[in-house]
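The values are calculated or read from the model by the stated rules, or taken from the named source; none is laboratory data. It should be emphasised that the depicted structure is a prediction, and the values quoted were computed from it without experimental measurement. Ideal geometry is used to build each Cβ from the backbone, glycine not excepted, and the neighbour counts take in all protein chains shown. For accessibility, only protein heavy atoms count, side chains too; no ligands or nucleic acids. Shrake-Rupley method; radii C 1.70, N 1.55, O 1.52, S 1.80 Å.
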Amino acid sequence: MNIAIGTTNKAKTEAVEVIARKYFDKPIFTCVKAASQVSDQPMTHEETRLGAINRSKNAIDETGAQLSFGLEGGVTEIDGVMYVCNWGALTVSNGTTYTASGAQIILPEEIAQEIRAGKELGPVMEQYTQRRDIRQGAGAVGIFTQGLVSRQMMFEHIVSLLIGQYLFSLAHE
């Protein structure tokens with residue numbers, strides 16, 4: 001099975017590869033920098049979800065794969081408290097698209113203030129932790145859960161939800 005992944009981000013690509021290998025025989029992965037067509041820092045669930053859908057659809061259009069995954073991280077605010085939010089989309093070559101959302105945790109107010117001021121979470125986290133490539137590894141979720149849940153693990157959960165929906169639809173055609 002040919003599977004496109006609409007990113008080259010290591011945390012996201014490895015999440016798709018780890019989970020897809022459990023359910024598909026000898027998958028072949030193609031990673032492309034698919035456009036999200038949303039802000040560099042999505043600020044709502046809706047925008048983050050749309051970014052995942054766009055990445056998934058753009059990747060399948062670009063590669064002609066049988067399945068395509070788009071994963072997007074963003075933030076959202078509820079009652080003045082900022083949370084990380086994460087969405088995924090799985091597009092099938094027939095045009096059907098499934099979506100799912102993942103874990104959300106509160107961001108410290110000092111981080112939220114920087115994002116409200118127009119900065120992206122990734123660079124803010126690099127400055128906060130004095131570490132490079134946070135979004136390729138632990139991510140904010142990994143930092144703020146003391147490593148108990150990494151960004152890859154969080155996206156693995158979303159990929160599992162997506163594949164589960166797809167397999168359910170196949171079983172009930």
**Item:** Bridge type composition, the chain - antiparallel percent by DSSP, nearest 5
**Value:** 70 percent
**Item:** Unit charges at the beta carbon, dipole of the chain: most positive-side option, Leu148, Ala34, Met1
**Value:** Met1
**Asked** What residues qualify as long-range amide H neighbours of Ile5, i.e. H under 5 Å apart, gap of 5 or more or another chain, H built at 1.01 Å from N?
**Response** Thr30, Cys31, Val32, Phe69
**Fill in**
Residue span Lys22 to Lys10: 0.36 nm per residue of separation minus Cα-Cα distance leaves a gain in nm of 2.5 nm
**Request:** Order the peptides 90-103, 17-30 from the highest to the lowest mean number of other Cβ atoms within 10 Å of their residues.
**Result:** 90-103, 17-30
**Asked** Which entry in (1) 28, 16, 15; (2) 23, 23, 16; (3) 36, 27, 16 matches semi-axes √(5λ) of the Cα gyration tensor in Å derived from the coordinates of this structure?
**Response** (1)
**Request:** Evaluate the distance, in nm, between pseudo-label points positioned 7 Å from the Cα of Ser93 and of Gln130 along their respective Cα→Cβ axes.
**Result:** 5.2 nm
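With +1 on the Cβ of every Lys and Arg and -1 on the Cβ of every Asp and Glu, and nothing else charged, how large is the dipole of region 1-61 about its Cα centre, in debye rounded to the nearest 20? The partial results should precede the final answer.
Working: 9 positive and 7 negative charges, 42 e Å.
Here the size comes out at about 200 debye.
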**Prompt:** With θ set to phi - 60° and the Karplus curve 6.51 cos²θ - 1.76 cosθ + 1.60, what are the ³J(HN,Hα) couplings of region 43-59 in order, to the nearest whole Hz, using x for Gly and Pro?
**Reply:** 10, 9, 4, 4, 5, 5, 4, 4, x, 5, 4, 4, 4, 5, 5, 5, 5
**Request:** Go through Ser56, Tyr128, Ile78 and say which Cα lies farthest out towards the positive end of the charge dipole of the chain; charges sit on Cβ, +1 for Lys and Arg, -1 for Asp and Glu.
**Result:** Ser56
**Prompt:** What is the magnitude of the charge dipole of region 1-153 about its Cα centre, with +1 placed on the Cβ of each Lys and Arg, -1 on the Cβ of each Asp and Glu, and no other charges, expressed in debye to the nearest 20?
**Reply:** 540 debye
**Asked** Which ³J(HN,Hα) values, rounded to whole Hz and listed in residue order, are derived for region 65-73 from phi using the Karplus coefficients 6.51, -1.76 and 1.60 in 6.51 cos²θ - 1.76 cosθ + 1.60 with θ = phi - 60°, glycine and proline given as x?
**Response** 5, 6, 10, 9, 10, x, 10, 9, x
**Asked** Given the C-alpha centroids of region 1-31 and region 53-86, what is the distance between them in whole angstrom?
**Response** 15 Å
**Prompt:** What list of ³J(HN,Hα) values in whole Hz, one per residue of region 140-151 in order, does the Karplus curve 6.51 cos²θ - 1.76 cosθ + 1.60 (θ = phi - 60°) give from phi, with Gly and Pro shown as x?
**Reply:** 4, 4, x, 5, 8, 10, 6, x, 5, 10, 8, 4
**Request:** Kindly sort Phe144, Phe155 by accessible area of their heavy atoms, largest first, with the probe set to 1.4 Å.
**Result:** Phe144, Phe155
**Asked** Which whole number of Å³ per residue matches the convex hull of the alpha-carbon atoms in region 95-172?
**Response** 115 Å³
**Request:** Taking H placed 1.01 Å from N in the peptide plane, check which residues at least 5 places from Leu107 or on another chain put their amide H under 5 Å from its amide H.
**Result:** Met82, Tyr83, Val84
